[in-house]
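The values are calculated or read from the model by the stated rules, or taken from the named source; none is laboratory data. Here the structure is a predicted model, which means the values were calculated and not measured. Methodologically, a virtual Cβ is constructed for each residue, glycine included, from the backbone with ideal geometry; neighbour enumeration extends over all protein chains shown.
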4 protein chains.
Amino acid sequence: MFDEHWDWLSHEFRQTISSIKDFVYQEIIPLETELRNTSFREMLPVLDKKRELVKELGFWLPQIPKEYGGMGLSLQEYGYVSEFLGRSSLGHYVFNCQAPDAGNMEILIEHGTDDQKTRFLEPLLAGKIRSCFSMTEPDAPGSNPTWLNTKASKENGNYIINGRKWFTSAADGAEFAIVMAVTNPEQDKHKRASMIIVPTSTSGFNNIGNIPVMGSQGSDWGSHSEIKYDNCTVPETNLLGIEGEAFTIAQNRLGPGRIHHCMRWIGIAERAFELMCERAVSRRITRTAFLADQQTIQNWVAESRAEINSNRLMVLDTAMKIDKFGTYASRREISLIKFQVANMLQKVLDRSIQVHGALGMTDHTPLAYWFSQLHV
Amino acid sequence: MFDEHWDWLSHEFRQTISSIKDFVYQEIIPLETELRNTSFREMLPVLDKKRELVKELGFWLPQIPKEYGGMGLSLQEYGYVSEFLGRSSLGHYVFNCQAPDAGNMEILIEHGTDDQKTRFLEPLLAGKIRSCFSMTEPDAPGSNPTWLNTKASKENGNYIINGRKWFTSAADGAEFAIVMAVTNPEQDKHKRASMIIVPTSTSGFNNIGNIPVMGSQGSDWGSHSEIKYDNCTVPETNLLGIEGEAFTIAQNRLGPGRIHHCMRWIGIAERAFELMCERAVSRRITRTAFLADQQTIQNWVAESRAEINSNRLMVLDTAMKIDKFGTYASRREISLIKFQVANMLQKVLDRSIQVHGALGMTDHTPLAYWFSQLHV
Amino acid sequence: MFDEHWDWLSHEFRQTISSIKDFVYQEIIPLETELRNTSFREMLPVLDKKRELVKELGFWLPQIPKEYGGMGLSLQEYGYVSEFLGRSSLGHYVFNCQAPDAGNMEILIEHGTDDQKTRFLEPLLAGKIRSCFSMTEPDAPGSNPTWLNTKASKENGNYIINGRKWFTSAADGAEFAIVMAVTNPEQDKHKRASMIIVPTSTSGFNNIGNIPVMGSQGSDWGSHSEIKYDNCTVPETNLLGIEGEAFTIAQNRLGPGRIHHCMRWIGIAERAFELMCERAVSRRITRTAFLADQQTIQNWVAESRAEINSNRLMVLDTAMKIDKFGTYASRREISLIKFQVANMLQKVLDRSIQVHGALGMTDHTPLAYWFSQLHV
Amino acid sequence: MFDEHWDWLSHEFRQTISSIKDFVYQEIIPLETELRNTSFREMLPVLDKKRELVKELGFWLPQIPKEYGGMGLSLQEYGYVSEFLGRSSLGHYVFNCQAPDAGNMEILIEHGTDDQKTRFLEPLLAGKIRSCFSMTEPDAPGSNPTWLNTKASKENGNYIINGRKWFTSAADGAEFAIVMAVTNPEQDKHKRASMIIVPTSTSGFNNIGNIPVMGSQGSDWGSHSEIKYDNCTVPETNLLGIEGEAFTIAQNRLGPGRIHHCMRWIGIAERAFELMCERAVSRRITRTAFLADQQTIQNWVAESRAEINSNRLMVLDTAMKIDKFGTYASRREISLIKFQVANMLQKVLDRSIQVHGALGMTDHTPLAYWFSQLHV
């Protein structure tokens, strides 16, 4: 829903959102059919062309400050944009604000040395390379980020990394990884780990393979890898920020990252809602009645509308608070939006799929794919 | 929750809200115990004293324009106030913005003749009398307000009203009723009924009795009456607005009225949340652990916080839209908040009562009363 | 629903159930209106007459073995009966199988001395007196029955009891209480408390008053008291069972007690379902359509039917297991039915009240009363 | 859960169930890993070997009468078996009671001519061929089976079939289809369609392709096809049952078919429950605590157990009623189990996946696959 009532936004910004929305519907959504019949890797050329269009329109890197070539939007403004990009699973990629690159860019801007910025940040901003974030481990719970088994020991000016990671998203085809590893095991649990930049071409960085999800291993940006670090050695200068500060850096990213995700989910919910309504008014259940004539369907539409609206307001309110008061002052709000928006998305997707009947399970709509990704 | 982050509100208005909040907690909530052991009628003297304090503080009639002696708040501003008044079931009454008087004041301001304003509106605004709104009928569904059986026939410059109403709230002790009755049965269903002012002392206005709810008939403002109109005769000049326009007038009241109710419900939810948290951190479940140590309780607190916050944002957003664009342009939002906020309230009350255990069922907290009123 | 398909029950027993059902609908349900306009105490004479009829029909004490004058039903058979008694909040009382007397009878049969049986059990079985069970304390969590502050010290052949209890249901008018008190504080927490019979006329047994619930303190069997034990002294011979075994005795009662409660709840749910259906097919929403024509109502009816049926099967299955294999072997099933049936009841009551509209809140149906008692 | 308390079942039958359970866990579940890395078609040889083992054990065709070579189980008995087969998505296939063949066998037994039985039923029972059921159409709602656009016109002793079907499951590799087509368009809507046997080698039977679901088109039994009938001509003797009776035949199949499906779903739920529990007690969340120590997880386990148990009882009760009183007398129960069991399955799968974290989304467990198939 593009809301004609958003008059607290400047006229100019509303035009921006409106143009981005049009771009998503005209240039990106039509690619979805193609994506379903091919692999992500094979789509790279056509996606690159779309990226060029985005650059020409001035919408490249919406979340990044102007001095780094982005649009310089506030977190709240970016929230409005992200929702429209989320209408398609390709939206963020085309605007170069996809996870995990968006987060890695932020970390590099905040904590990278000049040399790191030149080597890793610049090509990332330009869309010439991709990156990954290597944190989750198969033997330690993702819900407890202070528990890591991967170690980086310092020797002769190098870090030697050993350990196993999995669900390192988009590692396939990435140029470098930001790896979370324990460098200071003797410290307090929040001060043990560091972030280290590891080019994927480094010897000892072994991509064991993409993890099969729903019978498919995916490819390139659309994949999740298992990585084995086997005496993987990089120079000390690849340390990102201060040693032992990985947890703090990650915490600070969490707030903005959650806004990005939640607004993307709201975009998915809006698309599912749109498809549900279109189906309801066009599908006959008898020769004289449509699905939309059934009260159950009407209830689902009303409940979905209310849930999407209230969730959007909550996420935008949180974004505004982060913009104004910072992540720490907004920590309660940040902690609330995750489960709330995730629950909403599951309900809306479920209803939309049911309204589509058998069609909802096929790859003729993006609904089944999104439903299968709910727990990622 | 009084949110220190509401910095889009003026400094002055934030002080107003803060003072009103303090008043509710210091002057009104302590009366609740007394109310449980007596009747509403018996409490009138002490409530009148509180009303005088409110007048002195300048908070009388927060929802009414300044030219009529009120605070002149916008609907959105009043929303913030109403939430704090809603912390206690006596809050709105003490500030003279309780239903159904608040709605009746609005109708009289908008549609009353000078004479009607002098006789009915002025004492109502002054808090000298109370009123009721007589619409719901036992034999016609409340969900279909165009279906009314009560009739008002015109004869010799009078309306002669016949019919039966029930759930006429606060009729016991009211000085006058605004009655919805069919005056133009031959018209289209949206043009049949009129609003007529009927002093309760009129012959033929028969209050059959207060309807027993939870074993109690209540009294005065805290009651719901059944009324029989038996050749109840009032002069034509008691017509409120244009003949046949009752439905339109009622529709226009609906938006603001719903904001009032929903913000009051959010106030109830906040109070229930507050009581839940206090109980959780103070009630031991073993000699070393508190209720708050249990994850189920933690989940309830988190979910309740998220649901209250998102609902508040949705209602305030709707109020802002009505302020800016009018009721018609905001009709979708108005229709959504009712079921959404009602569902939220039921969940939060249920959790709070469960956290209180047996105590939650007693009259030592207002929770059981609110739970029993959920479907009113 | 009386199910004509219950052909695994003997022909004779099906006739019994059918007669009991008829009795409830013809003799007990019509009393409900009267109950709402008076107190329980004032209804005692008319209830006593109904009890005489029950005795004549041979349905007195359905849950009690034949040698003690009951019907001698198995727990599963009693489950079928209890469901029909539960159709009215007076049902169990009229058949003398109401809580807490039913549980107290069981304990006395199992653990009482001959003298205790003569003095306390016999008049209880005969319906000449009532009793109460005094366990819950205001300062200790009911969910942790091993934590009791009330103490009984032994001195000169007597127990001297000191402590505070509340929510001692039906204490008002009871002839004696079974009190849980700590007699062996030095023992393991499951071996500390004993059950002691205390006639309510004993000096030091102070009924502080009935706890107000929904604005009413209730009376007689329909009340919950706060009791202060103040050097309340009874002879050692009033010990019920073995000293220190109160917890074990209580645990053994839990299984059958839960079947009783759950089948009563299912009876309430069936009555609410019945009222919902009657209302749906008789209440017009327009001049041509009924509530039952709305798909939302149809969904509620279908979901309620499925939930009641599956819950009934689960409770009867648990009763059958207790009958065959005992309480310990059935402990998993016993622990499941409580929350499952309680959740079902809340949903069904909520839907039925909503279908009744404003009427659902009044005392014209038992729905609002049951809803207000959900958390007891 | 194999319940040691099912003592109403004969000793012999309990041994049968127990053996079948062992077979599923020892012979079938280990194949799942292989299935995820290959196609169904490539697994046919290994599945055929398992089928031979089943024949040797005497468990072949559990749902089919003895005179046709099956085990001759009642519907309720088969319910117990089907639940254990449902533990794996390959279970029913290995025992030759998979949809849609099981239903087609029943129809052929009931309505087939001797010649049809020889040509189509016998090889189906022997497991030498497979079949499909061609009913659902893309342009007509599946929820309204009386609305079919596919037509079969009679000419020169033949039926000439024209129309489009989709979601014809398992058509890929099937030897014949049972096609629902309109033969008597002038009749009442319940008397228009007939069932016609169409060998898939018939000219004019065009399998357009398997419908992509979750990025995969599947193969053989594990697929859903779109079929175009283009002047597809078969002799009149291929009519199954009486002309115009397709709807009645389908209706009669519905009851038993729903028992099959629901017990299979309960089997899936039990497997998901089992995996959830194993994960909860083995996955550490800190160095000293396991997932199972969290109350949220404990709640999920308890709720899932209660929901699975009550749903199983409801389905078995329905099966028993169909066995005793027939489909028509059990129609209410049949209509209830579908949505109730489907809702339960979604909840249990969702919880189990969440307990597995990232692992739950991978193909290392069958959970994600089942979740993605929820709306099929």
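General remarks:
- Of all the residues in region C:78-91, those that are within 17 Å of residue C:19 (Cβ to Cβ) and in contact with an Asp or Glu (Cβ under 9 Å, 6 or more places away or on another chain) number 5.
- Hey, residue B:44 touching an Asp or Glu at 6+ places or on another chain (Cβ under 9 Å), in a loop (DSSP other than H, G, I, E, B) and surrounded by fewer than 17 Cβ atoms within 10 Å (Cβ to Cβ) or not: no
Table: residues versus (1) assigned by TED's automatic domain parsing to the domain that holds residue C:325; (2) modelled with pLDDT of 95 or more; (3) not basic (Lys, Arg).
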residue: C:110; (1), (2), (3): no, yes, yes
residue: C:116; (1), (2), (3): no, yes, yes
residue: C:119; (1), (2), (3): no, yes, no
residue: C:136; (1), (2), (3): no, no, yes
residue: C:142; (1), (2), (3): no, no, yes
residue: C:148; (1), (2), (3): no, no, yes
residue: C:158; (1), (2), (3): no, yes, yes
residue: C:162; (1), (2), (3): no, yes, yes
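- Across region A:123-132, not a single residue is classified as part of a helix (DSSP H, G or I), of a type in the set (Ser, Thr, Tyr) and in contact (Cβ under 8 Å) with a residue 40 or more places away in the chain.
- Tally, over region A:219-237, of residues that are more than 14 Å from chain D (Cβ to nearest Cβ), part of a strand (DSSP E or B) and either of a type in the set (Phe, Trp, Tyr) or in contact with a Pro (Cβ under 8 Å, 6 or more places away or on another chain) (or both): 2
- Selection from region A:180-207 of residues that are charged (D, E, K, R) and touching a strand residue (DSSP E or B) at 6+ places or on another chain (Cβ under 7 Å): A:192
- Residues located in region C:72-115, provided they are at negative phi, free of Cβ contacts under 8 Å to residues at least 24 places away in the same chain and not in a helix (DSSP H, G or I): C:73
- Subset of region C:166-187 (residues that are modelled with pLDDT of 95 or more, surrounded by 21 or more Cβ atoms within 10 Å (Cβ to Cβ) and either in contact with an Asp or Glu (Cβ under 7 Å, 6 or more places away or on another chain) or on the phi > 0 side of the Ramachandran plot (or both)): C:170, C:172, C:183
Per-residue answers, yes or no, for (1) hydrophobic (A, V, I, L, M, F, W, C); (2) modelled with pLDDT under 95:
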position	(1), (2)
B:211	yes, yes
B:222	no, yes
B:231	no, no
B:236	no, no
B:239	yes, no
B:242	yes, no
B:245	no, no
B:250	yes, yes
B:256	no, yes
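- Residue list for region C:272-300, restricted to those being under 27 Å from the mean Cα position of the chain (by Cα) and closer than 25 Å to residue A:302 by Cα: C:276
- Residue A:66 being more than 20 Å from the chain's Cα centre (by Cα), over 30 Å from residue A:110 (Cβ atoms) and of a type outside the set (S, T, N, Q): no
- When residue B:240 is tested against (1) crowded, with 19+ Cβ neighbours inside 10 Å; (2) within 14 Å of chain C (Cβ to nearest Cβ); (3) hydrophobic (A, V, I, L, M, F, W, C), exactly one condition is not met: (2).
- If you go through region C:61-77 and keep only what is farther than 15 Å from residue C:127 by Cα and hydroxyl-bearing (Ser, Thr, Tyr), you end up with just C:74.
- In region A:33-88, the residues that are small (Gly, Ala, Ser) and either in the same structural domain as residue A:269 (by TED's automatic domain parsing) or touching a strand residue (DSSP E or B) at 6+ places or on another chain (Cβ under 6 Å) (or both): A:39
- In region A:348-360, residue modelled with the highest pLDDT [restricted to those that are more than 13 Å from residue A:269 (Cα to Cα) and at the interface with chain D (Cβ under 7 Å from one of its Cβ atoms)]: A:354
- So residue C:50, is it under 26 Å from residue C:10 (Cα atoms) and of a type in the set (Lys, Arg): no
- Qualifying residue in region B:80-95 (condition: acidic (Asp, Glu) and at pLDDT 95 or above): yes
- Restricted to strands (runs of 3 or more DSSP E) entirely inside region C:169-218, those with at least 1 residues that are closer than 25 Å to residue C:129 by Cα, within 14 Å of chain B (Cβ to nearest Cβ) and among the polar types (S, T, N, Q) are C:205-210.
- Out of B:158, B:149, B:144, one residue alone is of a type outside the set (D, E, K, R), touching a residue at least 60 places away in the same chain (Cβ under 8 Å) and either within 14 Å of another protein chain (Cβ to nearest Cβ) or more than 30 Å from residue B:268 (Cα to Cα) (or both). It is B:158.
- The set of residues in region D:124-171 that are among the charged types (D, E, K, R) and within 30 Å of residue A:290 (Cβ to Cβ) comprises D:137, D:139, D:151, D:164, D:165.
- Taken over region C:332-347, the residue count meeting the criterion of being aliphatic (A, V, I, L, M) and within 8 Å of another protein chain (Cβ to nearest Cβ) is 2.
- Condition broken by residue C:363, with the remaining ones in (1) part of a helix (DSSP H, G or I); (2) crowded, with 19+ Cβ neighbours inside 10 Å; (3) away from chain D (no Cβ under 14 Å) satisfied: (1)
- Filter result (closer than 23 Å to residue B:364 by Cβ and of a type in the set (Asp, Glu)) within region B:4-36: B:27, B:32, B:34
- Condition met for residue C:103 (closer than 24 Å to residue C:268 by Cα and surrounded by 23 or more Cβ atoms within 10 Å (Cβ to Cβ)): no
Conditions (1) at pLDDT 95 or above; (2) assigned to a helix (DSSP H, G or I); (3) within 14 Å of chain D (Cβ to nearest Cβ); (4) under 20 Å from residue A:317 (Cβ atoms), marked per residue:
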residue: B:278; (1), (2), (3), (4): yes, yes, no, no
residue: B:298; (1), (2), (3), (4): yes, yes, yes, no
residue: B:302; (1), (2), (3), (4): yes, yes, yes, yes
residue: B:307; (1), (2), (3), (4): yes, yes, no, yes
residue: B:310; (1), (2), (3), (4): yes, yes, no, yes
residue: B:314; (1), (2), (3), (4): yes, yes, no, yes
residue: B:324; (1), (2), (3), (4): no, yes, no, yes
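- Number of residues in region D:280-296 that are assigned to a helix (DSSP H, G or I) and facing another protein chain (nearest Cβ under 10 Å): the value is 4.
- Selected residue [touching a helix residue (DSSP H, G or I) at 6+ places or on another chain (Cβ under 6 Å), surrounded by 15 or more Cβ atoms within 10 Å (Cβ to Cβ) and over 19 Å from residue C:252 (Cα atoms)] from C:157, C:127, C:163: C:127
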